[in-house]
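See structure below.
The values are calculated or read from the model by the stated rules, or taken from the named source; none is laboratory data. Quick caveat, the model's predicted, so the values are computed rather than measured. Here the Cβ positions follow ideal geometry from the backbone for every residue, glycine too, while neighbour counts run over all protein chains shown. To get the accessible areas, we keep the full protein, side chains included, count just its heavy atoms, and leave off ligands, DNA and RNA. Shrake-Rupley method; radii C 1.70, N 1.55, O 1.52, S 1.80 Å.
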Amino acid sequence: MIIDDFPRDLLMTGAIFGIAAFVWAGWAQERPPKPGIWRVILGVLSLGGAALAGVSLPTAIRNWELPTAITWGGAASTWYVIVFWIEVVAIIVLAIWATRRRRGDLIAPLVLAVVGIHFIPLAWVFMQPVFVFAGVLLTVAAAVAALVPDRDAARSFWCGIVAAPILLIVGVSCAVIAFGAL
């Protein structure tokens, strides 16, 4: 499920997924359920994401000369840029739509859905099937978060409490395989 041909890419995946886990766990702090233990759990997830990024990024930089799935100017880099800009535009359009509809509560699930969906084509760009796995799980989490009642907790909580562990598990797995391949 994780291909170790490009350890540098796996390290960058660890760093990016670590930062993303940090961000989603932080966004989940918007309004978690009442017991304070949720804030502690979210804090631990945030620290885990920061630690993953802190370990992966410097190692990726030190090994930048290693091969990568993306050769700039090639098909993979073109697809990467296209997917990135589609993601950015979709998030902006959906956030504006939700705000105009007075449904700001849907912004986090909509953003998470776009993030999840964008990982699916990136699986082919980076030659990493695990991106499909992560993308599907994140998209399902976004759909569920959009549907759960938001009386006891914000929808951003449901997004973050599910997305952060998914991102951490996939990111740590990629980083561990990268360190083993170095």
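Numbers below:
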read-out: Per-residue HN-Hα couplings for the stretch 67-82 [Karplus 6.51, -1.76, 1.60; θ = phi - 60°; Hz; x = Gly/Pro]; value: x, 9, 6, 9, 9, 4, x, x, 4, 4, 5, 4, 5, 4, 5, 4
read-out: Residue-span extension gain [Glu65 to Ala123] - 0.36 nm each, minus C-alpha spacing; value: 18.7 nm
read-out: Net lengthening on full extension, Ala50/Trp85 (0.36 nm per residue, minus Cα-Cα); value: 10.0 nm
read-out: Top of Pro58, Pro149, Pro35 by mean-square fluctuation, Gaussian network on the chain, Cα under 10 Å; value: Pro35
read-out: Candidates Ala142, Ala108, Ala95, ranked by Gaussian network fluctuation over the chain, Cα under 10 Å, top entry; value: Ala95
read-out: Exposure of Met127 as accessible area (Å², to 10), given a probe of 1.4 Å and all protein chains; value: 90 Å²
read-out: Spin-label proximity, Trp72 to the stretch 123-145 - amide N less than 15 Å from point 7 Å beyond Cα toward beta carbon; value: none
read-out: Cα gyration tensor category, rounded, prolate or oblate, for the stretch 1-107 with a/c compared to 1.5; value: oblate
read-out: Residue-level accessible surface for Asp105, protein heavy atoms, 1.4 Å, Å²; value: 50 Å²
read-out: From phi via Karplus (6.51, -1.76, 1.60), per-residue ³J(HN,Hα) for the stretch 44-55 in Hz, x at Gly/Pro; value: 5, 4, 4, 5, x, x, 5, 5, 4, 5, x, 8
read-out: Candidates Trp72, Trp38, Trp27, ranked by Gaussian network fluctuation over the chain, Cα under 10 Å, top entry; value: Trp72
read-out: Whole-Å semi-axes of the stretch 98-179's equivalent ellipsoid (Cα gyration tensor); value: 27, 14, 8
read-out: Integer Hz, Karplus 6.51/-1.76/1.60 couplings in order for the stretch 97-113, x for Gly and Pro; value: 4, 5, 5, 5, 7, 6, 10, x, 5, 8, 4, 4, x, 5, 5, 4, 4
read-out: Selection from Ala154, Phe131, Ala143 lying farthest towards where the dipole of the chain points positive, charges on Cβ; value: Ala154
read-out: Charge dipole (debye, nearest 20) of the chain; +1 at Cβ of Lys and Arg, -1 at Cβ of Asp and Glu; value: 720 debye
